[in-house]
Amino acid sequence: MIDEATTNESALGTTERLRAADARGRAAGSDRDRLAALVRELAVVHGRVTLSSGKEADYYVDLRRATLHHSAGPLIGKLLRELVADWDFDAVGGLTMGADPVAFAVMHAPGRPIDAFVVRKAAKAHGMQRQIEGPDIVGKRVLVVEDTTTTGNSPLTAVRALRDAGATVVGVATVVDRETGADQVIAAEGLEYRSILGLKDLALG
(Lines give C-alpha, C1' and ligand atoms only; values in the text may rest on other atoms or scores of the structure.)
Protein backbone atom coordinates (compact mmCIF):
# COMPACT_ATOMS: atom_id res chain seq x y z
CA MET A 1 0.00 0.00 0.00
CA ILE A 2 1.34 3.45 -0.91
CA ASP A 3 2.07 5.67 2.07
CA GLU A 4 -0.06 8.79 1.57
CA ALA A 5 2.35 10.98 3.53
CA THR A 6 5.29 9.82 1.41
CA THR A 7 3.32 10.50 -1.79
CA ASN A 8 2.40 14.00 -0.61
CA GLU A 9 6.01 14.74 0.33
CA SER A 10 7.20 13.57 -3.10
CA ALA A 11 4.63 15.75 -4.87
CA LEU A 12 5.58 18.70 -2.71
CA GLY A 13 9.25 18.14 -3.47
CA THR A 14 8.57 18.14 -7.21
CA THR A 15 6.57 21.36 -6.93
CA GLU A 16 9.34 23.01 -4.96
CA ARG A 17 11.96 21.95 -7.53
CA LEU A 18 9.89 23.38 -10.37
CA ARG A 19 9.39 26.64 -8.50
CA ALA A 20 13.13 26.78 -7.86
CA ALA A 21 13.87 26.10 -11.55
CA ASP A 22 11.47 28.84 -12.62
CA ALA A 23 12.99 31.21 -10.07
CA ARG A 24 16.51 30.50 -11.37
CA GLY A 25 15.36 31.25 -14.90
CA ARG A 26 13.68 34.48 -13.81
CA ALA A 27 16.83 35.51 -11.94
CA ALA A 28 18.86 34.91 -15.10
CA GLY A 29 16.72 37.59 -16.71
CA SER A 30 15.32 36.11 -19.93
CA ASP A 31 12.45 33.93 -21.11
CA ARG A 32 14.98 31.65 -22.81
CA ASP A 33 16.82 31.10 -19.53
CA ARG A 34 13.51 30.41 -17.78
CA LEU A 35 12.61 27.83 -20.42
CA ALA A 36 16.03 26.17 -20.21
CA ALA A 37 15.70 25.86 -16.44
CA LEU A 38 12.22 24.36 -16.73
CA VAL A 39 13.24 21.89 -19.44
CA ARG A 40 16.22 20.75 -17.37
CA GLU A 41 13.95 20.11 -14.39
CA LEU A 42 10.91 18.73 -16.23
CA ALA A 43 12.18 16.87 -19.25
CA VAL A 44 15.78 15.69 -18.91
CA VAL A 45 15.83 12.05 -17.79
CA HIS A 46 19.22 10.53 -16.98
CA GLY A 47 19.88 6.86 -17.71
CA ARG A 48 20.81 4.60 -20.62
CA VAL A 49 18.20 4.84 -23.38
CA THR A 50 17.85 3.85 -27.04
CA LEU A 51 16.86 6.74 -29.30
CA SER A 52 14.55 6.60 -32.32
CA SER A 53 17.68 6.60 -34.49
CA GLY A 54 18.76 3.32 -32.87
CA LYS A 55 21.69 4.97 -31.13
CA GLU A 56 22.14 4.80 -27.36
CA ALA A 57 22.50 7.79 -25.05
CA ASP A 58 23.02 8.44 -21.34
CA TYR A 59 20.01 10.73 -21.16
CA TYR A 60 16.65 11.31 -22.77
CA VAL A 61 14.87 14.61 -23.33
CA ASP A 62 11.18 13.81 -22.86
CA LEU A 63 10.07 17.21 -24.04
CA ARG A 64 6.34 16.57 -23.82
CA ARG A 65 6.82 16.96 -20.08
CA ALA A 66 7.68 20.57 -20.88
CA THR A 67 5.57 21.38 -23.96
CA LEU A 68 2.43 20.33 -22.06
CA HIS A 69 3.41 22.16 -18.87
CA HIS A 70 1.47 25.30 -17.87
CA SER A 71 4.62 27.44 -17.46
CA ALA A 72 6.93 26.02 -20.13
CA GLY A 73 4.30 25.78 -22.88
CA PRO A 74 3.54 29.52 -23.12
CA LEU A 75 7.27 30.30 -23.06
CA ILE A 76 7.81 27.93 -25.99
CA GLY A 77 5.09 29.66 -28.00
CA LYS A 78 6.50 33.12 -27.30
CA LEU A 79 10.13 32.16 -27.97
CA LEU A 80 9.35 30.31 -31.19
CA ARG A 81 7.47 33.32 -32.52
CA GLU A 82 10.51 35.46 -31.73
CA LEU A 83 12.89 32.89 -33.24
CA VAL A 84 11.17 32.96 -36.64
CA ALA A 85 9.86 36.54 -36.59
CA ASP A 86 11.56 37.23 -39.92
CA TRP A 87 9.86 34.28 -41.67
CA ASP A 88 6.56 34.84 -43.46
CA PHE A 89 4.07 32.01 -42.87
CA ASP A 90 0.34 31.49 -42.33
CA ALA A 91 0.25 28.30 -40.28
CA VAL A 92 2.41 26.12 -38.07
CA GLY A 93 2.48 22.39 -37.34
CA GLY A 94 4.35 19.15 -37.75
CA LEU A 95 4.28 15.40 -37.36
CA THR A 96 1.96 14.22 -34.61
CA MET A 97 2.30 14.01 -31.72
CA GLY A 98 5.52 15.69 -30.62
CA ALA A 99 4.88 18.75 -32.78
CA ASP A 100 1.25 19.21 -31.72
CA PRO A 101 1.65 21.07 -28.40
CA VAL A 102 4.48 23.14 -29.91
CA ALA A 103 2.25 24.27 -32.77
CA PHE A 104 -0.65 25.02 -30.43
CA ALA A 105 1.66 27.06 -28.19
CA VAL A 106 2.71 29.18 -31.17
CA MET A 107 -0.89 29.63 -32.28
CA HIS A 108 -2.00 30.84 -28.84
CA ALA A 109 1.05 33.01 -28.09
CA PRO A 110 0.56 36.80 -28.27
CA GLY A 111 1.02 38.30 -31.71
CA ARG A 112 -0.43 38.08 -35.17
CA PRO A 113 -2.98 35.36 -36.04
CA ILE A 114 -1.32 32.05 -36.94
CA ASP A 115 -3.25 28.85 -37.65
CA ALA A 116 -2.10 25.39 -36.56
CA PHE A 117 -2.27 22.01 -38.30
CA VAL A 118 -1.47 18.38 -37.49
CA VAL A 119 0.34 16.02 -39.87
CA ARG A 120 -0.54 12.35 -39.45
CA LYS A 121 2.06 9.69 -40.23
CA ALA A 122 -0.38 8.36 -42.82
CA ALA A 123 -3.74 9.45 -44.20
CA LYS A 124 -6.84 8.20 -42.39
CA ALA A 125 -8.48 5.17 -43.99
CA HIS A 126 -11.97 6.53 -43.28
CA GLY A 127 -13.90 9.79 -43.08
CA MET A 128 -12.21 12.57 -45.05
CA GLN A 129 -9.08 10.40 -45.42
CA ARG A 130 -6.83 13.35 -44.72
CA GLN A 131 -3.21 13.22 -43.65
CA ILE A 132 -3.15 16.89 -42.65
CA GLU A 133 -5.77 18.08 -40.17
CA GLY A 134 -6.77 21.69 -39.56
CA PRO A 135 -7.46 24.71 -41.75
CA ASP A 136 -6.68 24.22 -45.44
CA ILE A 137 -2.96 24.67 -46.16
CA VAL A 138 -3.14 24.44 -49.97
CA GLY A 139 -1.21 27.38 -51.41
CA LYS A 140 -0.23 28.57 -47.91
CA ARG A 141 3.21 29.26 -46.49
CA VAL A 142 3.77 27.04 -43.45
CA LEU A 143 6.31 26.49 -40.69
CA VAL A 144 7.19 22.97 -39.57
CA VAL A 145 7.97 22.56 -35.87
CA GLU A 146 9.14 19.78 -33.58
CA ASP A 147 9.75 19.40 -29.85
CA THR A 148 13.21 17.81 -29.91
CA THR A 149 15.17 16.99 -33.05
CA THR A 150 17.66 14.13 -33.43
CA THR A 151 17.85 12.84 -37.00
CA GLY A 152 15.57 15.32 -38.77
CA ASN A 153 13.42 12.47 -40.13
CA SER A 154 10.20 13.48 -38.34
CA PRO A 155 10.09 17.09 -39.54
CA LEU A 156 11.06 16.01 -43.06
CA THR A 157 8.20 13.50 -43.09
CA ALA A 158 5.91 16.44 -42.36
CA VAL A 159 7.67 18.61 -44.96
CA ARG A 160 7.08 16.03 -47.72
CA ALA A 161 3.42 15.58 -46.80
CA LEU A 162 2.87 19.35 -46.78
CA ARG A 163 4.60 19.85 -50.10
CA ASP A 164 2.55 17.02 -51.63
CA ALA A 165 -0.60 18.74 -50.33
CA GLY A 166 0.33 22.01 -52.04
CA ALA A 167 1.84 24.03 -49.19
CA THR A 168 5.11 25.98 -49.26
CA VAL A 169 7.33 25.12 -46.31
CA VAL A 170 9.38 28.14 -45.21
CA GLY A 171 11.59 26.35 -42.69
CA VAL A 172 11.86 24.04 -39.69
CA ALA A 173 12.08 25.15 -36.06
CA THR A 174 12.53 23.01 -32.95
CA VAL A 175 12.56 23.59 -29.22
CA VAL A 176 15.62 21.45 -28.46
CA ASP A 177 18.28 20.44 -30.98
CA ARG A 178 20.24 17.35 -29.91
CA GLU A 179 23.10 18.44 -32.19
CA THR A 180 23.34 15.12 -34.00
CA GLY A 181 23.32 16.35 -37.59
CA ALA A 182 19.65 17.19 -38.14
CA ASP A 183 20.61 20.67 -39.31
CA GLN A 184 22.58 19.21 -42.24
CA VAL A 185 19.82 16.74 -43.16
CA ILE A 186 17.23 19.52 -43.21
CA ALA A 187 19.54 21.90 -45.09
CA ALA A 188 19.96 19.20 -47.77
CA GLU A 189 16.22 19.62 -48.42
CA GLY A 190 16.77 23.33 -49.08
CA LEU A 191 15.31 24.44 -45.76
CA GLU A 192 16.60 26.70 -43.01
CA TYR A 193 16.62 25.19 -39.52
CA ARG A 194 16.52 26.98 -36.17
CA SER A 195 16.29 25.91 -32.53
CA ILE A 196 15.58 27.63 -29.23
CA LEU A 197 17.84 25.46 -27.07
CA GLY A 198 20.86 23.23 -27.52
CA LEU A 199 22.59 20.66 -25.32
CA LYS A 200 24.72 23.24 -23.51
CA ASP A 201 21.57 25.07 -22.42
CA LEU A 202 20.45 21.84 -20.74
CA ALA A 203 23.86 21.13 -19.18
CA LEU A 204 24.23 18.12 -21.47
CA GLY A 205 26.92 19.34 -23.85
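Numerical summary
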| read-out | value |
| --- | --- |
| The range 98-200, accessible area per residue, ligands and nucleic acids excluded (1.4 Å, Å²) | 46 Å² |
| Accessible-area composition of the range 49-205, carbon plus sulfur, in percent [1.4 Å probe] | 50 percent |
| Where trypsin sites (Lys or Arg not before Pro) fall in DSSP loop in the range 75-130, at most 16 other Cβ within 10 Å | ARG120, LYS121, LYS124, ARG130 |
| Karplus (6.51, -1.76, 1.60) ³J(HN,Hα), θ = phi - 60°, over the range 83-88, in Hz, Gly and Pro reported as x | 4, 10, 4, 8, 9, 9 |
| When each of LYS140/LYS200; LYS121/LYS200; LYS78/LYS140; LYS55/LYS121 is checked by Cα-Cα distance, pairs over 27 Å | LYS140/LYS200; LYS121/LYS200 |
| Ordering of 34-43, 87-96 by burial proxy (mean other Cβ atoms within 10 Å per residue, highest first) | 34-43, 87-96 |
| Sum of side-chain charges, ASP147 neighbourhood, beta-carbon under 12 Å (Lys, Arg +1; Asp, Glu -1) | -1 |
| THR168 long-range amide H proximity, modeled H, under 5 Å | GLY139, LYS140, ARG141, VAL142 |
| FRET efficiency, 1/(1 + (r/R0)^6) with R0 22 Å, evaluated for LEU51 and GLU16 via beta carbons | 0.10 |
| Length added when fully stretched, ASP164-TYR60, from 0.36 nm per residue minus Cα-Cα | 34.2 nm |
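The values are calculated or read from the model by the stated rules, or taken from the named source; none is laboratory data. Not measured: the values here are computed from a predicted model. Don't worry about glycine lacking a Cβ; one is built from the backbone with ideal geometry, like all the others, and counts go over all protein chains shown. Ligands, DNA and RNA are stripped out before the accessible areas are found, and what is left, the full protein with its side chains, is counted by its heavy atoms. Shrake-Rupley method; radii C 1.70, N 1.55, O 1.52, S 1.80 Å.
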